[in-house]
Structures are given as structure tokens and as C-alpha cells.
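Below is one structure, written out as C-alpha cells; comments come after it.
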Amino acid sequence: MASIYDNAFHTIINDCSKFLIPYINEVFRENYSGDEEVVFHPNEHYISKNEEPDVKRITDSFFSIIGKVTKKYHLECESSPFSAKIMIRLFEYDAQIALDSAEVEDDTINVSFPNTTVLYLRSGEYTPDSVWINLTYPGGEARYSVPAICLQSYTLEDIFKKKLYILLPFYLFNYEKRFDEIESNDVRLDELTDDLKGMFGRLEGLIGTHEITSFDAMTIMDLMRKVSEALLGNRENISKRMGDIMGGHVIMTEAKEILNQGIEQGLERGLEQGLERGLEQGRKEKIRIFVDLVNDRVLSLEEAAKRAGMTVDEFKNHIEGLD
């Protein structure tokens, strides 16, 4: 199950990267305006363990925010309330990230650890506000903290007020301890329904004010559906109510509208120039739409290439050809 939640966290961050700035401001008390550039880095790292083959570790997200200064950030999502494993894993990832970007100057090696945080989807008595890491080295010691975010500390009002939209796909975790009661109690089921309807209504309102795009809202809804399927199990009453709510909030994505219009325009122009040239023009027009969606950060490079029916390298070549 954990991989479903990890994938949802990774997806919301990469497909809706503008949501990162408010989240980082909340966790690290930064004051980013939202105009900063977010640059993602490879999230695969190889960790050596004694004589064993290198072990591949995949971080949930590793990126830089380029503002007045450039800072690196490493985000993790954890579905268990707390365990020693997450502490060890965080340090493993951070140490490898630092080594991967190490710089050597004469007889000195410079390593820089990222700013790291962990999101706890579930909270318990021993879920900490921070994870502390002590480093002992010849001649001294160092100590730093990894701040934690507990999902259940945030109400729906908090999430929208602070623009922490990254948390929305996981909002149903706040009801998890009451699932059995909600499943068998119509009054409680109606309360959950009203809460979720309010959430989706607010999302539609944000689309209307252009604070988020319909693509953002659809991404949140799709990820919430996947998370709820894993979280609810065989609770049929809640699952059916979730399906009914989402079915009533079908949002046509701007990306799909632009894509369909672009394809139609390309084909129309192509038909005027003859079948052979028309097909080629239509194909170029389709690719150009995908390129624009990548530039506008509506689609990732990988997703655009997939939808265009080509490899990432082939898609990059077409981007160069369109310049």
C-alpha cells in the first residue's frame, strides 16, 4: 500500500510543482513569493553497503528552488506514524544526495546536505514534530533536525488558507480512525459527504479565480480517488459515496481542451494542403501543443512524450526541430 501513497505524493509534486512553494514556506518558514524557479533533480540514488552490490534508493522528491539564493530540498512521505526505519532512510538519502553533488577543491571535498522534511500521513502518540540527526566526526559533533508535517494537524480550512494543496489527495486519512463508524452510520456518512463536497466546491472556485488550473484540480481528484481505493478497502458504503461525489464533479481539463483544438486545427490546415502534407502538419501541430504544455508545466516531459507516442529523446528532437 505504501507505494500507492508514495506515488501519489511524487505525482502531485511533479505534476503540480507550483504547489511546492506554499508547502516549503510552511515547513521551513521560508518567504518565497511563488515566482522562484523549481528545478527537479534525479531521484534515484545508489547506496553502497559493505561488500553488497549498490542498492538503488528512490526519494519521493528532490529539487532546488532558485531565488535570491539556491536551496536544495528533499521531501519524503511516510504512511506509518513513526519508526526508526524512516530516520535511517532519511539520513541515507541525504548523505547520498550530498555525495552525488560533492565538489572537490584542491585537498578539500565540499558536501552539502539538502533541506529535508517528512510528511506523516498517520499520527500517533510517538509521532515527532522533528527527527533529529547527530553526527559524530573526529574532533567534534554536529546535530540538525528534519522537520515533520503531520497531516492530521491540518483541518480543511487550514489547508485552503495556507494553500497546502499538496495535502488534499491524502485528506481522507483524517477520517481513517472513524471509517467503521462512518460505514455503518448514515449521519456520519452524510457528514463526510458534506465535507468532501465542500472541498471539491472550493477547488472549482479556485479554478474560477485562476489560482489553480482545471488540470491541477483533476490531478488532485484523480490521486484522491487512487488513495481512497487503497485506504477504504472493502467499505462499500463510503466507496460508493466517494464515487457519487467525484462523478458529480467532472472537470474538463484545459490541457485536454487545448490539445483537442490543436489537433483539429492542424488536421484542418493539413487537409487544405493535401493529404500527405496535411498529416505531417497535423502531427507537427499536435507535437507543438504538447511542447507548449511542457513549457507551461501542465505536463512533464515524460508524460508529453508518452502521449505523443514517442520516446523522451525523440520528443526532445522534435522540440529542437520546431524551434
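Bear in mind that the values in this text are calculations on the coordinates, not laboratory data. Treat the numbers as computed from the prediction; the structure is a model and nothing was measured. Note that we place each Cβ from the backbone using ideal geometry, even for glycine, and neighbour counts take in every protein chain shown.
Gain on full extension, evaluated as 0.36 nm per residue between residue 132 and residue 178 minus their Cα-Cα distance, stands at 13.4 nm. Report note on the peptides 4-14, 93-103: ranked by the mean count of other C-beta atoms within 10 Å, highest first, their order is 4-14, 93-103. Cross-link pairs exceeding 28 Å between alpha carbons, from the set 163/316; 68/163; 18/306: 163/316. A Förster radius of 45 Å combined with the Cβ-Cβ distance from residue 99 to residue 186 puts the calculated FRET efficiency at roughly 0.20.
Which of 143, 178, 241 has the fewest other C-beta atoms within 10 Å, and how do the rest follow up to the most? Walk me through the intermediate numbers first.
Numbers: 143 9, 178 13, 241 18.
Going from sparsest to densest Cβ surroundings: 143, 178, 241.
Put a plus charge on the Cβ of each Lys and Arg, a minus charge on the Cβ of each Asp and Glu, and nothing anywhere else: the dipole of the stretch 108-201 about its Cα centre is then about 580 debye. For residue 110 and residue 37, the difference between the fully extended length at 0.36 nm per residue and the C-alpha to C-alpha distance is 23.8 nm.
Considering all different alpha carbon pairs of the stretch 2-153, the Kirkwood hydrodynamic radius works out to 16.7 Å.
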